[in-house]
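Here the structure comes first, spelled out in structure tokens, and everything after it is commentary.
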2 protein chains.
Amino acid sequence: MNQAVYFGPLLAPRYPGQVTQSIPSSLAEIPAAVESALDNYFASRHDAIAGISPVTEQVALVLKDFTLNGGKRIRPTFAWLGWAGTKGLTLKDAAAQPEALSVLRTVSSLEFLQACALIHDDIIDSSDTRRGQPTVHRRFSVAHAERSWLGHGETYGRSVAILVGDLALSWADDMFMEGGLSPAPLQRAWEAWREMRTEVVCGQILDITAEAQGDSSVMSAQRVNRYKTAAYTVERPLHIGAAIAGADPSTIAALRAFGRAIGVAFQLRDDQLGVFGDPEVTGKPSGDDLREGKRTVLVALALEHSDARGRRELEAGLGTPLAADEVARLRTIIEESGASKRVEERIDALTAEALELLKDAHISEEVAQSLERMALISTQRRK
Amino acid sequence: MNQAVYFGPLLAPRYPGQVTQSIPSSLAEIPAAVESALDNYFASRHDAIAGISPVTEQVALVLKDFTLNGGKRIRPTFAWLGWAGTKGLTLKDAAAQPEALSVLRTVSSLEFLQACALIHDDIIDSSDTRRGQPTVHRRFSVAHAERSWLGHGETYGRSVAILVGDLALSWADDMFMEGGLSPAPLQRAWEAWREMRTEVVCGQILDITAEAQGDSSVMSAQRVNRYKTAAYTVERPLHIGAAIAGADPSTIAALRAFGRAIGVAFQLRDDQLGVFGDPEVTGKPSGDDLREGKRTVLVALALEHSDARGRRELEAGLGTPLAADEVARLRTIIEESGASKRVEERIDALTAEALELLKDAHISEEVAQSLERMALISTQRRK
């Protein structure tokens, strides 16, 4: 049996190459290459979905627009680095491997999973904007209103967005399976992929349940971070890449531990930005996390370390439609409790720990440097 | 490379066999065998999900309860028949095939897809009951209320149910991939599986969009039936089974055409039951489809063939919270328009057409008879 053709026959007619497919030979080139893989994947499915009806064609275009505009491609980047690094290759040499295109397509499927997670998350949080644009459910409720359709526009928008998320989740698996990997690496990568999909859903469930329970403990917030963000953003993408390469168990363990630490630090940065971020840069309204009542580690620490009055004010304000001056007041309470300083210290400690762990992984020098850089980008970013 | 072990290593530790796994050797035994495969699949994932948190363990148990209670297992049944029939086997001989267990597991994954479709559909339709039990979103909103949690119970229930549906969709792919098929049949089956997942989501999108547009045309309702029900309930399950067996293209084409006809007839029966069904038998409130304003072929025909007054009454009542006597009035209008008679005629014609198409398929005599029986069960059922 010719391993290389296992998913080959499925693949050929589905990549008409409507954009030039690039293979990244440097860290900076990865996001654009991922986007070209996604672009080609959408092109490959266009005719079938347009054949069903003009409505579904439009819906697929909304998904395409949402998926291709504005992401940082951080998950495929970690997966690509996990693959190239554990193969012991420079990024330039990785690009020249015969399987490079298959690996790129496979890891780009992480962006479909991310699209599903964001679309459904925005419904759950009733968010109006994402990446500075209307969220998917908002786009469809606005379309409903503009056309004076029957029923409630909000309900329609939410319903279509649930289904668009389902489509993205299905296409995530499709693209992952059809990337062109041969059976052995595909099977190894599947193990990490399967765990990750369940972990991210479970992390989300824990998140909203903690919010409903009013569970403001640091422990609860940390567990959410572990599953909702760390596993899914860094640990498993690195695992997938390393599994494709057939890396040794100790290297996989080191990369996963690095990923957990950086992933948690990534989420802590997110928490800081959700309260203190510049809306011009983040694309989200200032203080959104406070209005949503998110039980982040930042908030948990603030509640733990505020005086009784601050705690009362914070508890009373969280999850309510705060005005700008009220947001400012809660920010001051959080700052004065020392929570944001503590979070910064944790971010620094986790980053240092992660970089130390990286030394145990047998990976190429260039990828080690790239992972260091990604660690800093993930934890020092402004959006 | 040993083909048989391709997904074998993944599989072994995940089927601890907490219930006895039966292999069906007759049509009547298929549903229970599917349920034992699902039961074992849930058992295989229990420890990992319970390890995340007691909350996620509970959520998985709700999904298990929902998936295992009350379904007719019609999709796995068609897939099993598609496999056994195109292998030219009696059902008894099929059960003795070395790959029988793998096939059973693989086709049972259709029930996870169905679980996702139902859970998300119930959110979209704001349905309170399903199979005589509270819907998944209702279960979580009730749990929220009982525990006096924070925020809106309805929002919490809906949010968790979106995520439980996502979990079911992920596990559908997991179970499909890990059933134990060797690469060649798995790849063939994957083609049908992938198309089906997109078709059912597109059918749903068309359905709610037609409702929003107030599109009451017969054509629109027929397109929804084609994708939302026929492809997903009969055509693709048969296709998956036949693809696993490596059936010849003409047999696959005949089975798919049979499936499209029976699938559409199945939906027409559903439409009749949604208006005229006995709530004691269907487990759904009487006239639910009218309250939801579903644009079925039945309703489309009634609008087309009623007099002006009947049409006005029907249009005005559809999608409103009708009282029992108003439901009865709309039923009379639909009956008097001749629409339900026309729908019965269509069901009969489609069934006859389907049975004729079946003659072109090269399948075992016993499976041909079983498919005939399934065709009658699907189109003559009372729930």
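The values are calculated or read from the model by the stated rules, or taken from the named source; none is laboratory data. None of the values given here were measured: they were computed from a predicted structure. No Cβ is skipped: glycine too gets one built from the backbone with ideal geometry, and neighbour counts run over all protein chains shown. Note: accessible area is taken over every heavy atom of the protein model, side chains too, but ligands, DNA and RNA are not part of it. Shrake-Rupley method; radii C 1.70, N 1.55, O 1.52, S 1.80 Å.
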Practice task
Might you check whether a residue that is more than 19 Å from residue A:177 (Cα to Cα), open to solvent by 10 Å² or more (accessible area, probe 1.4 Å) and in contact with a Gly (Cβ under 9 Å, 6 or more places away or on another chain) occurs anywhere in region B:241-250?
Solution key: yes
Completion exercise
Checked B:95, B:145, B:115, B:161 against criteria (closer than 19 Å to residue B:31 by Cβ and either open to solvent by 20 Å² or more (accessible area, probe 1.4 Å) or within 12 Å of chain A (Cβ to nearest Cβ) (or both)); the one match is B:95
Fill in the blank from the handout: Flagged in region A:65-83 as closer than 11 Å to residue A:34 by Cβ and not polar (S, T, N, Q), in numbering order, are A:68, A:71, A:72, A:73, A:74, A:75, A:76, A:79, A:80
Handout entry: Scan of region B:315-348 for residues that are open to solvent by 10 Å² or more (accessible area, probe 1.4 Å) and either under 18 Å from residue B:217 (Cβ atoms) or touching a strand residue (DSSP E or B) at 6+ places or on another chain (Cβ under 7 Å) (or both), ordered by number
Key = B:315, B:318, B:319, B:337, B:338, B:342, B:346
Fill in the blank from the handout: For region B:237-253, pairs from a residue that is under 19 Å from residue B:112 (Cβ atoms) and among the hydroxyl-bearing types (Ser, Thr, Tyr) to a residue that is open to solvent by 30 Å² or more (accessible area, probe 1.4 Å) and assigned to a helix (DSSP H, G or I), with Cβ under 7 Å and 6 or more apart or across chains, are none
Problem - Number of the exception - residue A:123 against (1) open to solvent by 10 Å² or more (accessible area, probe 1.4 Å); (2) at the interface with chain B (Cβ under 8 Å from one of its Cβ atoms); (3) without any contact (Cβ under 8 Å) to a residue 12 or more places away in the chain; (4) assigned to a helix (DSSP H, G or I) - result: (3)
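Each row is one residue, and each column tells you yes or no for (1) within 11 Å of chain A (Cβ to nearest Cβ); (2) open to solvent by 60 Å² or more (accessible area, probe 1.4 Å); (3) at pLDDT 95 or above.
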{"residue": "B:9", "(1), (2), (3)": "yes, yes, no"}
{"residue": "B:25", "(1), (2), (3)": "no, no, yes"}
{"residue": "B:29", "(1), (2), (3)": "no, yes, yes"}
{"residue": "B:34", "(1), (2), (3)": "no, no, yes"}
{"residue": "B:69", "(1), (2), (3)": "no, yes, no"}
Exercise for the section: Could you check residue A:262 against (1) open to solvent by 10 Å² or more (accessible area, probe 1.4 Å); (2) not in a loop (DSSP other than H, G, I, E, B) and say which number it fails? Expected result: (1)
Exercise for the section: Name the single residue, out of those in region A:194-219 being among the polar types (S, T, N, Q) and facing chain B (nearest Cβ under 7 Å), that is surrounded by the fewest Cβ atoms within 10 Å (Cβ to Cβ). Expected result: A:213
Practice task
Read through the list (1) open to solvent by 10 Å² or more (accessible area, probe 1.4 Å); (2) more than 11 Å from chain B (Cβ to nearest Cβ); (3) under 21 Å from residue A:81 (Cα atoms), then give the number of the only condition that residue A:182 fails.
Solution key: (2)
Practice task
Test each condition in (1) open to solvent by less than 10 Å² (accessible area, probe 1.4 Å); (2) more than 30 Å from residue A:249 (Cα to Cα); (3) within 8 Å of chain B (Cβ to nearest Cβ) for residue A:150 and report the one that comes out false.
Solution key: (1)
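Please enumerate the residues belonging to region B:127-142 that are touching a residue at least 24 places away in the same chain (Cβ under 8 Å), outside any helix (DSSP H, G or I) and open to solvent by 30 Å² or more (accessible area, probe 1.4 Å).
Passing the criteria: B:129, B:130, B:131, B:132, B:133.
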Exercise for the section: Please tell me if residue A:283 is touching a strand residue (DSSP E or B) at 6+ places or on another chain (Cβ under 8 Å) and either open to solvent by 20 Å² or more (accessible area, probe 1.4 Å) or of a type outside the set (D, E, K, R) (or both). Expected result: yes
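In region B:304-314, what residues are in a helix (DSSP H, G or I) and in contact (Cβ under 8 Å) with a residue 24 or more places away in the chain?
Answer for region B:304-314, where residues must be in a helix (DSSP H, G or I) and in contact (Cβ under 8 Å) with a residue 24 or more places away in the chain: B:304, B:305, B:310.
Listed here are the residues, each with its yes/no results for (1) crowded, with 21+ Cβ neighbours inside 10 Å; (2) within 24 Å of residue A:257 (Cα to Cα); (3) under 19 Å from the mean Cα position of the chain (by Cα).
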position: A:37; (1), (2), (3): yes, no, yes
position: A:45; (1), (2), (3): no, no, no
position: A:58; (1), (2), (3): no, no, no
position: A:61; (1), (2), (3): no, no, no
position: A:65; (1), (2), (3): no, no, yes
position: A:75; (1), (2), (3): yes, yes, yes
position: A:79; (1), (2), (3): yes, yes, yes
Practice task
Test residue B:149 against the stated conditions and say whether it is of a type in the set (A, V, I, L, M, F, W, C) and at pLDDT below 95.
Solution key: yes
Fill in the blank from the handout: Among residues of region A:81-90 being small (Gly, Ala, Ser) and open to solvent by less than 30 Å² (accessible area, probe 1.4 Å), the residue farthest from residue A:256 (Cα to Cα) is A:84
Exercise for the section: Output the qualifying pairs, or none if there are none: Cβ atoms under 6 angstrom, residues six or more apart or on different chains, first residue in region A:287-303 and touching a residue at least 12 places away in the same chain (Cβ under 8 Å) and part of a helix (DSSP H, G or I), second residue of a type in the set (Gly, Ala, Ser) and open to solvent by less than 10 Å² (accessible area, probe 1.4 Å). Expected result: A:297/A:221; A:298/A:339; A:300/A:221; A:301/A:339; A:302/A:339
Exercise for the section: Report the residue count in region B:238-289 for those that are of a type in the set (A, V, I, L, M), farther than 30 Å from residue B:87 by Cβ and touching an Asp or Glu at 6+ places or on another chain (Cβ under 8 Å). Expected result: 1
